[in-house]
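One structure is given here, and the rest of the page talks about it.
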Amino acid sequence: MHSTMECLTDWMTRQRWYAGKGRVPNLVEVSRQGWESDDPDASIRVLLVRDTANNPPSLYHVPIVARGTIPRGKGPAFIGRDEHDDYLFDGAHDPVYTRALLRRLGVHRDNQASRVHSGEQSNTSIIFDAGSEAPLVAKIFRLVHAGENPDVVLQTALTSAGNRSVPRMLGSLTATWIDPHGSDTHTDEPSTGHLAFAQEFIPGVRDGWLLALAAAEEGESFADDAERLGRVTAEVHTALAACMPSREPTLGDIVGFVAGWHQRLAVAMSDVPQLRELRPAIEAVYDAARESPWPALQRIHGDYHLGQVLRRPSGEWLLVDFEGSNVVSDVIHSRTEVSGCWFNECVYLFT
Ligand SMILES: Nc1ncnc2c1ncn2[C@@H]1O[C@H](COP(=O)(O)OP(=O)(O)O)[C@@H](O)[C@H]1O
Ligand SMILES: [Mg+2]
């Protein structure tokens, strides 16, 4: 029997979303919420856990269901047995937690049966598609950050603006915690961040990366899809400029962006030395961009690649996963609500 943190230490390293691959986590419990359970034999503990072995220390969201006995069929989601003799289960796979999650998200469903999305994921998506009601997906963020999560904020703004190129947002959930170990909390002030959201689930979609690979394998052209994808990319970003704040770039922004490009070029050249002969041509593009008139800075997808676009069976493209990288989130949080093009800026400037 072990403490909850000891049980999680072993289990977390085997989870796909664990960011510190190959390292042993050093976990500290930051906060624990007890959620109301609809099963008298099961209690729900929603934990925020800081891994201080990571630099900067990551904050994980770990919902757990504690039970006095092992129910049938719960084997794969078993975490461990704690010092109080409770059996701990991964909430994402436990109906007691997933039903409570729907309640917290303010989403009503008659049929609450769920399954965990099996694809490659950095978070955990729980799909509710049993019965005849419109299917939905609840995504629980595994890495939690203080401040608004762009995945929630941008998709909510697009949904409110009537944009149909993102799945419709249905609700979201935040938590507040105090964490003396965090890099984003220097005081004992409370922080608030998003834990989860629910949105419309679109059945039968295929992601752009797999579609492009399949086309390449078959020797088929991807040009028509790429053309439609380009259009929808522009439409969504035009919509974002209209429904979220934007502002003119300052000289400081421009200098900062250009320095970032050079820094990334240096990293790329050290990884791939063959790039060095292209350096003058690449730097000429940077110079031309710096001297060109800059568009207003606006919110963007932030982590845009073919794995984040889904093609409906009808052929229309959808954009998902606006979370961006952690760095983008931090930049957005520290630069208040108007943040700009940080990683995708070159793409945006030249479209
Ligand atoms: N609304 C949705 N409808 C259908 N499938 C979805 C939806 N949202 C996500 N997916 C599926 O889940 C995958 C991962 O979603 P994503 O938002 O990129 O999660 P992560 O943050 O874990 O990368 C997508 O590639 C897609 O296959
Ligand atoms: Mg993704």
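The values are calculated or read from the model by the stated rules, or taken from the named source; none is laboratory data. Since this is a predicted model, take the numbers as computed values, not measurements. Because the Cβ atoms are built from the backbone with ideal geometry, glycine has one as well, and the counts that use them run over all protein chains shown.
Scan segment 113-126 for residues that are part of a loop (DSSP other than H, G, I, E, B), away from ligand 2 (no atom under 16 Å from the Cβ) and surrounded by fewer than 16 Cβ atoms within 10 Å (Cβ to Cβ) and the total you get is 1. With respect to Ala53, is the statement that it is more than 21 Å from Leu143 (Cβ to Cβ) and not β-branched (Val, Ile, Thr) true? Spelling it out, it is not the case that Ala53 is more than 21 Å from Leu143 (Cβ to Cβ) and not β-branched (Val, Ile, Thr). Comparison of Val46, Val96, Val62 shows that the only residue that is in contact with a His (Cβ under 8 Å, 6 or more places away or on another chain) and of a type in the set (Val, Ile, Thr) is Val46. You will find that of Ala215, Ala234, Ala242, Ala226, the residue that is touching a Phe, Trp or Tyr at 6+ places or on another chain (Cβ under 7 Å), over 30 Å from Val49 (Cα atoms) and more than 16 Å from ligand 2 (Cβ to nearest atom) is Ala215 and no other. Of all the listed residues (Arg103, Arg99), the sole one being closer than 22 Å to Gly34 by Cα and either surrounded by fewer than 16 Cβ atoms within 10 Å (Cβ to Cβ) or within 16 Å of ligand 2 (Cβ to nearest atom) (or both) is Arg103.
Okay, residues lined up against (1) within 30 Å of Leu101 (Cβ to Cβ); (2) in a helix (DSSP H, G or I):
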site: Pro203; (1), (2): yes, no
site: Leu210; (1), (2): yes, yes
site: Ala214; (1), (2): no, yes
site: Glu220; (1), (2): no, no
site: Ala239; (1), (2): yes, yes
site: Pro245; (1), (2): no, no
site: Gly252; (1), (2): no, yes
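Applying the criterion of being out of contact with any helix residue (DSSP H, G or I) (no Cβ under 8 Å at 6 or more places or on another chain) and assigned to a helix (DSSP H, G or I) to the residues of segment 70-100, the residue that is farthest from His194 (Cα to Cα) is Gly75. Total residues in segment 35-67 satisfying the condition of being within 19 Å of Asp179 (Cβ to Cβ), part of a strand (DSSP E or B) and not charged (D, E, K, R): the figure is 11. Restricting Phe201, Phe141, Phe197 to those that are touching a Pro at 6+ places or on another chain (Cβ under 7 Å), within 16 Å of ligand 2 (Cβ to nearest atom) and in contact (Cβ under 8 Å) with a residue 40 or more places away in the chain reduces the list to Phe201. With respect to the conditions (1) more than 16 Å from ligand 2 (Cβ to nearest atom); (2) closer than 27 Å to Ile178 by Cβ; (3) among the charged types (D, E, K, R), Asp129 lacks only one, and its number is (2). When segment 115-143 is filtered for residues that are polar (S, T, N, Q), more than 8 Å from ligand 1 (Cβ to nearest atom) and within 19 Å of Arg168 (Cα to Cα), only Ser132 remains.
Do we have Leu265 as without any contact (Cβ under 8 Å) to a residue 60 or more places away in the chain and within 27 Å of Ile127 (Cα to Cα) here? No: the conditions fail for Leu265. Asp51 meets each of the listed conditions (1) within 18 Å of Leu195 (Cα to Cα); (2) within 16 Å of ligand 1 (Cβ to nearest atom); (3) surrounded by 18 or more Cβ atoms within 10 Å (Cβ to Cβ) apart from (2). Scanning segment 298-328 for residues that are away from ligand 2 (no atom under 13 Å from the Cβ) and modelled with pLDDT of 95 or more turns up Arg311, Arg312, Pro313, Ser314, Gly315, Glu316, Trp317.
Out of (1) in a helix (DSSP H, G or I); (2) at pLDDT below 95, the odd one out for Phe343 is which? Looking at each condition in turn, Phe343 falls short on (1). Name the single residue, out of those in segment 273-304 being part of a loop (DSSP other than H, G, I, E, B) and of a type in the set (D, E, K, R), that is surrounded by the most Cβ atoms within 10 Å (Cβ to Cβ). Selected residue: Arg299. Only one of Glu217, Glu189, Glu200, Glu227 is under 14 Å from Val309 (Cβ atoms) and of a type in the set (Asp, Glu); which? None of the others qualify; the one that does is Glu227.
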